[in-house]
Structures are given as C-alpha cells and as structure tokens.
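**Student:** Below is a structure I'd like to ask you about.
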Amino acid sequence: FSVSKPTDDGIVEITEYHKFKGIFWERMELNHFPYDVQELSISLTTPLTVNDFYFIENTQKPSGVNRTVFSDQQSWHLYEHVEFQFEQHREEYLLNYDQIHPVLVCTCHVGRKCGYYIW
C-alpha cells in the first residue's frame, strides 16, 4: 500500500495494491457456442460502509491481466482489457440492515478458440 500526504482539506489517500491468484468459477453462457465470449468477474467489498470507504479507479495507472499465467490458453483467449463497475449492497441478514457497503466488480473477457469445434 501507499499513503499520500494530506490535502488542504485534510483527506489522506491510501492506495492498496493486490495480486489475485486462484481458481475461479463462472457460469458459462453458451448461446453463441463455439464463437462465444465470456465475462469473468470478481466482486470486491469491505465490511466498512459507504460513509467510511469508497472505491476510486486509478485512471493514471490502468489495470490489466497477466495473460502469461492464464492456465487455459489452449481453449481460450484472455483479453487484456479490464472493466470496473461500482455498486452498493446491503447485508440482508445482519442486524444492521441500514448499513450499505461499497462493492467493486472487476470484469475481464475470454474468447473461445473455436478451431477444434469447427474442424
């Protein structure tokens, strides 16, 4: 993480940097099989509320995907572009139902390599 100096109005910006590695699952939409492109999304949230915390996209340093470690390169083409969507969710089954939490949805896309299926 990095911490910036306080601004004139006393706001301090804290930036966290994360690398994710893992095995993820996504429901496939096969309407255009074998020419399909799938969205792969990860939702990030925090126990803090929108009054205490919010996500801001860093437009100076664009995000990307490390395609060299993508394990399914024989079947899929992983696009480098990453999209962000900012949402807010309530904890439905907690005592503090009034609390709204920020959610960041990061989405990348994969396209099926259809040569095997066409041949």
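**Student:** Taking the stated definitions as given, is Val12 over 19 Å from the mean Cα position of the chain (by Cα) and either over 30 Å from Tyr116 (Cα atoms) or not hydroxyl-bearing (Ser, Thr, Tyr) (or both)?
**Tutor:** When the stated conditions are applied, Val12 passes them.
**Student:** For the structure I just gave you, tell me whether His18 is part of a loop (DSSP other than H, G, I, E, B) and either open to solvent by 70 Å² or more (accessible area, probe 1.4 Å) or at pLDDT 85 or above (or both).
**Tutor:** Working: part of a loop (DSSP other than H, G, I, E, B): yes; either open to solvent by 70 Å² or more (accessible area, probe 1.4 Å) or at pLDDT 85 or above (or both): yes.
Yes: the conditions hold for His18.
**Student:** Is it fair to say Pro47 is touching a residue at least 24 places away in the same chain (Cβ under 8 Å) and farther than 18 Å from Val103 by Cα?
**Tutor:** Criteria not met by Pro47.
**Student:** Right, Val65: surrounded by 11 or more Cβ atoms within 10 Å (Cβ to Cβ), of a type in the set (Val, Ile, Thr) and under 30 Å from Tyr117 (Cα atoms) or not? Before the answer, list the steps.
**Tutor:** Working: surrounded by 11 or more Cβ atoms within 10 Å (Cβ to Cβ): yes; of a type in the set (Val, Ile, Thr): yes; under 30 Å from Tyr117 (Cα atoms): yes.
For Val65, the condition - surrounded by 11 or more Cβ atoms within 10 Å (Cβ to Cβ), of a type in the set (Val, Ile, Thr) and under 30 Å from Tyr117 (Cα atoms) - is met.
**Student:** Being assigned to a strand (DSSP E or B) and either open to solvent by less than 50 Å² (accessible area, probe 1.4 Å) or within 23 Å of Ser2 (Cα to Cα) (or both) is the requirement here; does Leu44 meet it?
**Tutor:** Details: assigned to a strand (DSSP E or B): yes; either open to solvent by less than 50 Å² (accessible area, probe 1.4 Å) or within 23 Å of Ser2 (Cα to Cα) (or both): yes.
Yes: the conditions hold for Leu44.
**Student:** Under 6 Å by Cβ, and 6 or more places apart or on different chains, what pairs join a residue from segment 1-17 that is more than 24 Å from Ser63 (Cα to Cα) with one that is part of a loop (DSSP other than H, G, I, E, B)?
**Tutor:** Pro6/Val12
**Student:** Determine if segment 53-76 includes at least one residue that is within 17 Å of Val103 (Cβ to Cβ) and in a strand (DSSP E or B).
**Tutor:** no
The values are calculated or read from the model by the stated rules, or taken from the named source; none is laboratory data. Everything quoted here is computed from the prediction, not taken from an experiment. Because the Cβ atoms are built from the backbone with ideal geometry, glycine has one as well, and the counts that use them run over all protein chains shown. Side chains are part of the model used for accessible areas, which takes the heavy atoms of the whole protein and leaves out ligands, DNA and RNA. Shrake-Rupley method; radii C 1.70, N 1.55, O 1.52, S 1.80 Å.
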